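Worksheet: the structure to be examined is printed underneath.
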Amino acid sequence: MMAVQSLTDLAISLVEQEVRCMLRCRKQGIDTPVVYMVDKERARIYMEFVLGLTVKDHLFRYDLSSAAGA
């Protein structure tokens, strides 16, 4: 039987996975924020601030504009 990870271990794993995904995207030519530092003890990523819409905001705008045309 597999042991359940603590919340801290899970948070660290998620942070590491997010950074790996960002690096893979960057290698494929997708613009991503620059990662300055990863603090595993606090499960935080310190990265470049990018001015503009978030993906969530962009999708929300798209959804509203497509619903208005329907």
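The values are calculated or read from the model by the stated rules, or taken from the named source; none is laboratory data. This is a predicted model, so every value here is computed, not measured. For neighbour counting, all protein chains shown are included, and Cβ atoms are generated from backbone atoms with ideal geometry for every residue, glycine included. Side chains included, ligands, DNA and RNA excluded: accessible areas come from the protein's heavy atoms. Shrake-Rupley method; radii C 1.70, N 1.55, O 1.52, S 1.80 Å.
Just a few scattered comments:
- Being open to solvent by less than 70 Å² (accessible area, probe 1.4 Å), in contact with a helix residue (DSSP H, G or I) (Cβ under 6 Å, 6 or more places away or on another chain), among the hydrophobic types (A, V, I, L, M, F, W, C) and modelled with pLDDT under 95 holds for only one residue in Ala67, Ala11, Ala43, and it is Ala43.
- In the range 14-39, of all residues being among the β-branched types (Val, Ile, Thr) and surrounded by 13 or more Cβ atoms within 10 Å (Cβ to Cβ), the one that is farthest from the chain's Cα centre (by Cα) corresponds to Val38.
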